[in-house]
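Comments concern the structure below.
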Amino acid sequence: MSSTTLAAERTRWRIPQSYVPVLATLALLLVLYAIGASQYTAFSNIQVVLNVFIDNGFLLVVAVGMTFVILTGGIDLSVGSVVAMTAMVCASLLRADLPAPLVLFIALAIGPTLGFGMGCIIHFFEIQPFIVTLAGMFFARGMCTFISGSSIPITDRFWTRLAQDRIGDPRGNFVSISVLIAFAVVAIAAYVLAYTRLGRNVYAIGGNSQSALLMGLPVGRTRIAVYTISGLCSAIGGILLSFYTLSGAPLIAIGMELDVIAAVVIGGTVLTGGSGYVFGTVLGVLVLGTIQTLITFDGRLSSWWTKIVIGGLLFAFILLQRLIGIRKK
Amino acid sequence: MSTTWRGRWAVATAHPLFWPVIALIAMLVANTIYRPSFLSIEMRNGHLYGSLIDIVRLSAPLMIVALGMTLVIATGGIDLSVGSVCAIGGAIACLYISKQPDQNSVVGVLTALTLAFGLALVLGAWNGVLVAVIGIQPIIATLILMVAGRGLAQLITEGQIITINSSPYRMIGAGQLLTLPFAIFIAVAVALVIAAATRRTALGMIIESVGGNAEASRLSGIRSSRIIFLVYVVSAACAVVAGFMMTANVSSADGNNAGLWVELDAILAVVIGGTSLAGGRFSLAGTVLGALIIQTLTTSVYAMNITPQTSLLFKAVVVIAVCLIQAPAFRAKFGLLRRRRRPGPPPAAVAADPRKEEVPAT
């Protein structure tokens, strides 16, 4: 009981400072939106905002999983490949005429299994997460091409219905089902991190894993759990991506892990772990999506400006985190 | 007699380069069984040809990048931006050469190389400042340049693939010297320069000490942050040389794909070579071996008619296997290579042991 009160006190003491990056991201998002709205009249259309969610639903889900991992001070490079592998598995199994629910179940099982395996290697053999998940990335990407060298279209009725159903108001604004799934994942993740024992353990390990161990927290179990969660989120992201593209392609989502890490960092999660919020990650994904939309709206800027701007933002936010860290000392 | 054999075996397997060498030999043997002509080298038009030569030539860029990476990792850092630096360097050099009236002029090519090299030093210095002065985590500090650098490279090439027709530039990647590919000489030269600078002077020891404990090193009179700054500059310099090679090999600069994923391969090469990602020790010979292993793996997979992407599966298996074998925790758990049974050795103590032995050995 004393440990829970301690943890509660610590969070209360932390709140003001750990909110700063999230608030900065929120301000940035509003500024970006204001710029867009002032430059382009169509930008203030509510559907533009909804489209950002539709286009980045899978990214959001994967970024939520990554938030768990980064909160413990780890990193998961395998997410992009696992997303692609899940989409490939869905497409190939559906082509083999397996029933859709079974395919969903198998697809949802693969990601967590791989994540669990990586978590076990990281924990039991004390190998750096960077290298283990790098191997996981190679493995999953290799599996993609092993399944098929070319992309497989999905024609299954269940899949096409989920992909094309529009949920919206009578004025014609709509979101896809994927967006609702993404929101559900975000809500569950936020609840788990804030109100469950697992969530508190994640923060504690990220803060200082040695202290967490001495406090008697299940460090190993939690560490394995976060990689499993990240695998599960990647699997869900992969399924959402297969809804979005209605196909499985072996080379899709290459480099996605960088976008995801960037979104998490821009969302204010500290990379050494221990501080950050799922809500910040949502904002981070929205910032990336809005930049993309702005560049599309502009039309004159080429796609590579996205990368340069994201790099610049990463720099600004890491510097901000660093400044806050110095002030804390 | 059996005990001496066992003793020698134990000594051999305990050597940090034992398992990488075994892996390389195993792959070469497998290749030779699959394709008996694998080992043959023949002379044609005054040039040596053969799979082995190809493997060494193709591994040259990776080897150079990995050597720079070794120093960064030895300080406990990591440099993810090398791929982007390769692309930027190649793009600048090719852009400058393509603007020359005479693309074959040696002066023009040298100017292009100097320009690109200078820019790479600036990029390396940027990384160095972020890590050593501002104190950002290396993996993140270099992630910035990794993401933005790709964009910069595409900005330089304006999203196009710049093709050039310059024989001096082509020489870097595909030229021949003394019957051997010129790239091999560059790689050997870089390896020798780095080896001489680190192992013939105190620099290597200083880098290892900074990697072991930067604060303790600073207190004992080493300018830790200056050393950390230096290794990132060296890493970028190595990357740009590799970038020249990659672009010269195909006589064109592609901002999007030049040096793509080379950072991951380089980190793998370093780790396979026995350099610990935690920093504090490094093995240049191991890194060279690691680069050769990765290239041999790629070549074998091509030779066996497996699609290049599927080779990633094999890479994953090799990485995990090598890492597990080298991991102190794994050795301790399975009693591998350790005859003496200690009741529950703390992993940190086990990790410290080979470090002590290795410093004078390498």
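Report the net charge of residues surrounding B:Val270, where surrounding means a beta-carbon distance below 11 angstrom and charges are Lys +1, Arg +1, Asp -1, Glu -1.
Cβ neighbours under 11 Å give a net charge of -3.
Would you mind pulling out the separation of the Cα centroids of the range B:256-321 and the range B:179-205, in Å?
Distance between centres, Cα-based: 20 Å.
Sort the following peptides by mean Cβ neighbour count (other Cβ atoms within 10 Å, averaged over residues), highest first: B:71-79, A:174-182.
Ranked by mean Cβ neighbours within 10 Å, highest first: B:71-79, A:174-182.
Which aspartates and glutamates does B:Lys333 reach when only Cα atoms under 14 Å apart count, and residues fewer than 8 places away in its own chain are ignored?
Leaving aside aspartates and glutamates fewer than 8 places away in the same chain, those within reach of B:Lys333 are A:Glu126.
Roughly how tilted is helix B:284-303, in degrees to the nearest 10 and between 0 and 90, from the longest Cα axis of chain B?
70 degrees
Quick one: length gained pulling A:Leu30 to A:Arg161 fully straight, 0.36 nm per residue minus the C-alpha distance?
On the way: separation 131, 0.36 × 131 = 47.16 nm, distance 3.42 nm.
Full-extension gain reported as 43.7 nm.
Where in chain A are the helices, taken as whole DSSP H runs, whose Cα atoms extend 18 angstrom or more along the long axis and whose Kyte-Doolittle mean reaches at least 0.0?
Membrane-span-like by this criterion, though nothing is claimed about a membrane: A:2-39, A:46-71, A:79-95, A:100-124, A:129-147, A:177-195, A:219-245, A:278-298, A:304-328.
Work out the charge dipole of chain A with +1 on the Cβ of Lys and Arg and -1 on the Cβ of Asp and Glu about the Cα centre, then indicate which of A:Val49, A:Ile127, A:Ile324 is farthest towards its positive end.
In chain A, that residue is A:Ile324.
If you build a Gaussian network model of chain B, linking Cα atoms that sit under 10 Å apart, which residue out of B:Gly149, B:Gly159, B:Gly90 swings the most?
Among B:Gly149, B:Gly159, B:Gly90, the largest GNM mean-square fluctuation belongs to B:Gly159.
Using a Gaussian network model of chain B with C-alpha springs under 10 Å, which one of B:Leu123, B:Leu180, B:Leu62 is most mobile by mean-square fluctuation?
Greatest mean-square fluctuation among the candidates belongs to B:Leu180.
Between A:Ala184 and A:Ser148, what FRET efficiency comes out of the Förster formula 1/(1 + (r/R0)^6) with R0 = 35 Å and r the beta carbon distance, rounded to 0.05?
On the way: r = 30 Å, r/R0 = 0.87.
Computed FRET efficiency for A:Ser148 and A:Ala184 comes out at 0.70.
Going 7 Å from the Cα of A:Arg300 in the Cα-to-Cβ direction, what parts of the range A:25-41 have a backbone nitrogen less than 17 Å from that spot?
A:35-41
Just report the Cα centroid separation between the range B:82-157 and the range A:138-184, whole Å.
Their Cα centres are 39 Å away from one another.
Measure nothing fancy, just the Cα-based angle from helix B:182-199's long axis to the longest principal axis of chain B, in degrees from 0 to 90, nearest 10.
Rounded to the nearest ten degrees, it is 50.
About the Cα centre, and with charges only on the beta carbon of Lys, Arg (+1) and Asp, Glu (-1), how big is the dipole of the range B:51-328? Nearest 20 debye, please.
I would put it at about 440 debye.
Please name which of B:Ile73, B:Leu123, B:Gly108 has its Cα lying farthest along the dipole of chain B towards the positive end, using unit charges on Cβ (Lys, Arg +1; Asp, Glu -1) and the Cα centre as origin.
B:Ile73
Along the charge dipole of chain A, Cβ charges K/R +1 and D/E -1, which of A:Leu102, A:Leu288, A:Phe139 sits furthest on the positive end?
A:Leu288
Taking springs between alpha-carbon atoms closer than 10 angstrom, which of A:Ile75, A:Ile110, A:Ile131 fluctuates most in the Gaussian network model of chain A?
Highest fluctuation of the listed residues: A:Ile131.
Relative contact order of chain A: what whole-number percent is it, with Cα pairs under 8 angstrom and at least 6 residues apart?
Rounded, it is 34 percent for chain A.
With +1 assigned to the C-beta of every Lys and Arg and -1 to the C-beta of every Asp and Glu, and no other charges, what is the dipole magnitude of the protein assembly as shown about the Cα centre in debye, to the nearest 20?
It works out to roughly 1900 debye.
Going by how many other Cβ atoms sit within 10 Å of their own, how do A:Asp55, A:Asp259 line up, fewest first?
On the way: A:Asp55 17, A:Asp259 24.
By the 10 Å Cβ count, ascending, the order reads A:Asp55, A:Asp259.
Going by how many other beta carbons lie within 10 Å of each one, how would you line up B:Met171, B:Met205, B:Met27, fewest first? Working shown, then result.
On the way: B:Met171 16, B:Met205 13, B:Met27 19.
So the residues, fewest neighbours to most, are B:Met205, B:Met171, B:Met27.
Let me spell out the model: positive unit charges on the Cβ of Lys and Arg, negative unit charges on the Cβ of Asp and Glu, origin at the Cα centre of chain A. What dipole size does that give, in debye rounded to 20?
Computed charge dipole of chain A: roughly 760 debye.
Sequence gap at least 6, Cα distance under 8 Å: using those rules, report the relative contact order of the range B:51-328 to the nearest whole percent.
Result for the range B:51-328 is 36 percent.
Below 12 angstrom from the Cβ of A:Val62, what's the summed charge of the other residues (Lys, Arg +1; Asp, Glu -1)?
-3
Could you pull out every residue, at least 5 positions away or on a different chain, whose amide H is within less than 5 Å of the one on A:Leu77? Hs are placed 1.01 Å off N in the peptide plane, and Pro or chain starts have none.
Those qualifying (amide H under 5 Å, at least 5 residues apart or on another chain) are A:Thr133, A:Leu134.
If the reach is capped at under 20 angstrom between alpha carbons, list the aspartates and glutamates near B:Lys99, excluding any in the same chain fewer than eight residues apart.
Qualifying aspartates and glutamates at Cα under 20 Å: B:Glu158, B:Asp254.
In degrees, nearest 10, range 0 to 90: what is the angle between the Cα axis of helix B:311-326 and the longest Cα principal axis of chain B?
Computed tilt is about 40 degrees.
Among A:His123, B:His47, which comes first, then next, by fewest other beta-carbon atoms within 10 Å? If you can, show how the numbers build up before the last one.
Working: A:His123 19, B:His47 14.
Least crowded to most crowded, the residues run B:His47, A:His123.
Just check the protein assembly as shown against the gyration tensor rule for me: Cα atoms, a ≥ b ≥ c as the square roots of the eigenvalues, rounded for a/c under 1.5, and otherwise prolate or oblate depending on whether a/b exceeds b/c.
Verdict is rounded for the protein assembly as shown.
Defining a contact as two alpha carbons under 8 Å apart and six or more residues distant in sequence, what relative contact order in percent does the range B:22-72 show?
19 percent
No lab work stands behind these numbers, since they all come straight from the coordinates. Bear in mind that the values here come from a model prediction, so they are computed numbers and not experimental data. Positions of Cβ are generated from backbone atoms using ideal geometry, with glycine treated the same way; all protein chains shown enter the neighbour counts.
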